[in-house]
Amino acid sequence: MERETATPRGPSEREQLIIQRVAEGCKNREIADSIGTTEHVVKNYLRLIYDKLGLWNRVELALWYEARQNERERVYHA
């Protein structure tokens, strides 16, 4: 399995998937099951994501994700 690295622009693909699942309201156990890992690994990813994005919790993370989605839709429809 390849080691994932973050792009200078933001979260890695795996991190993006976790962010999406958090925004959908999934719990850590559900996220872990959906990506084939453990809850502990998901918690570690979340700590890294929070640090990388300057966020404090999953509510802020979900809001960050929704803001990016809305941004993309505006650009797409412009």
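The values are calculated or read from the model by the stated rules, or taken from the named source; none is laboratory data. The shown structure was predicted, so the numbers you read here are calculated from the model rather than taken from an experiment. All Cβ positions, even for glycine, are placed from backbone atoms using ideal geometry, and neighbour counts span all protein chains on display.
List, please: which pairs have Cβ atoms under 7 Å, are six or more places apart or on different chains, and start with a residue in segment 1-21 that is modelled with pLDDT of 85 or more and surrounded by 10 or more Cβ atoms within 10 Å (Cβ to Cβ) and end with one that is β-branched (Val, Ile, Thr) and not in a helix (DSSP H, G or I)? What qualifies is SER12/THR5.
Applying a threshold of 8 Å to beta carbon distances and a minimum spacing of six or more residues, or different chains, the list of pairs starting in segment 60-76 at a residue that is touching a residue at least 40 places away in the same chain (Cβ under 8 Å) and ending at one that is exposed (fewer than 10 other Cβ atoms within 10 Å of the Cβ) and assigned to a helix (DSSP H, G or I) is empty.
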